[in-house]
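Please read the structure below before turning to the comments.
Read the figures in this text as sums done on the coordinates, not as results from a lab. Just so it is clear, the model here is predicted, and its values are computed rather than measured. Here the Cβ positions follow ideal geometry from the backbone for every residue, glycine too, while neighbour counts run over all protein chains shown.
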Amino acid sequence: MQIDTENDVIEVDGKRVSRDPESEKIYILLNKLPGYLSATMDSHGDPTIMDLLPHTEERLYPVGRLDKDTEGLLIVTNDGDLTYRLTHPKHHVDKVYLAWVEGIPAEESLDKLRQGIMLDFGMTTPAIVDREPSKIDLKNTCLRITIHEGKKRQIKRMCFAVGHKVLKLKRIQLGPITLGDLRPGEYRYLTPQEVENLKRL
């Protein structure tokens, strides 16, 4: 049906449909707590990220996922196009994690991660791996790991493959967006400039 965008009003179930779809877009940066599922609902009654976010009639979904016990940066939106661009492997969007691992990895082990390592789904692409000198522990090590893939439990499987179990995992950056000083469990709306920066990726 042809419509007159200046004069016609369109409603679905009594709710007016905007003719400017951008005005309805929501972009939230959440510092996910461990123990919450990266899902909009759970049939078993486990807490989800939606329990940490403001109520809205819009259908929101996470950009990618974090394991239940993984914490940190998660973008939640209703912009399907942006979600696709940020999560599809061909777009190579960097994701930066802090991984606390058991023991003190040898440089040779870290080099294996930097070169790519064979896992059950195939060879990983080379990762950027550095020790975090500000988080020194005599028994364990904190690594800063940058990847652009997003296979299930990838960081944990990579570290385990070189002999070091991940004790704690936190995502601190996605593309140009950083967690900053956002406290665990808190959220904020992305600024228009941050959204534009994501769309340029």
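A Gaussian network model of the chain, with springs between Cα atoms under 10 Å, assigns the largest mean-square fluctuation among Y27, Y36, Y84 to Y84. Placing dummy labels 7 Å off each Cα toward the beta-carbon, the span from D46 to L138 is 3.7 nm.
Largest first and in whole Å, the equivalent-ellipsoid semi-axes of the range 94-173 read 18, 14, 11, each the square root of five times a Cα gyration tensor eigenvalue. Under a cut-off of 14 Å between alpha-carbon atoms, report the aspartates and glutamates in cross-link reach of K152, not counting same-chain residues fewer than 8 places apart. Within reach: D67, D69, D120. Net charge dipole, the range 94-173: roughly 420 debye, given to the nearest 20, about the Cα centre with Cβ charges of +1 for Lys and Arg and -1 for Asp and Glu. Rounded to whole numbers, the Karplus 3J(HN,Hα) couplings from phi for the range 116-125 are x, 9, 7, 10, 5, 8, x, 7, 7, 6 Hz, using 6.51 cos²θ - 1.76 cosθ + 1.60 with θ = phi - 60°, and x at Gly and Pro. Given in Å, the Rg to one decimal and the Dmax to the nearest whole number for the Cα atoms of the range 23-118 are 16.4, 51. Measuring against 18 Å, Cα to Cα, the residue pairs K156/K199; K68/K156; K151/K199; K68/K170; K112/K165; K95/K139 contain K156/K199; K151/K199; K95/K139 as the ones spanning a longer distance. The stretch between R16 and R157 holds 46.0 nm of extra length on full extension. This uses 0.36 nm per residue minus the Cα-Cα distance.
Charge dipole of the chain (Cα centre as origin; +1 on each Lys and Arg Cβ, -1 on each Asp and Glu Cβ, all else neutral): 1040 debye, rounded to the nearest 20. With contributions of -39500 (n - 2.57) from each DSSP H run of at least four residues, the per-residue ellipticity at 222 nm computed over the chain stands at -4500 deg cm²/dmol. Ranked by the mean number of other Cβ atoms within 10 Å of their residues, highest first, the peptides 99-107, 136-144, 40-48 come out as 99-107, 136-144, 40-48. Each residue, D69 and H148, gets one label point 7 Å from its Cα in the Cβ direction; the gap between the two is 3.1 nm. Beyond 28 Å, the tail of the calculated P(r) for the chain holds 36 percent of the Cα pairs.
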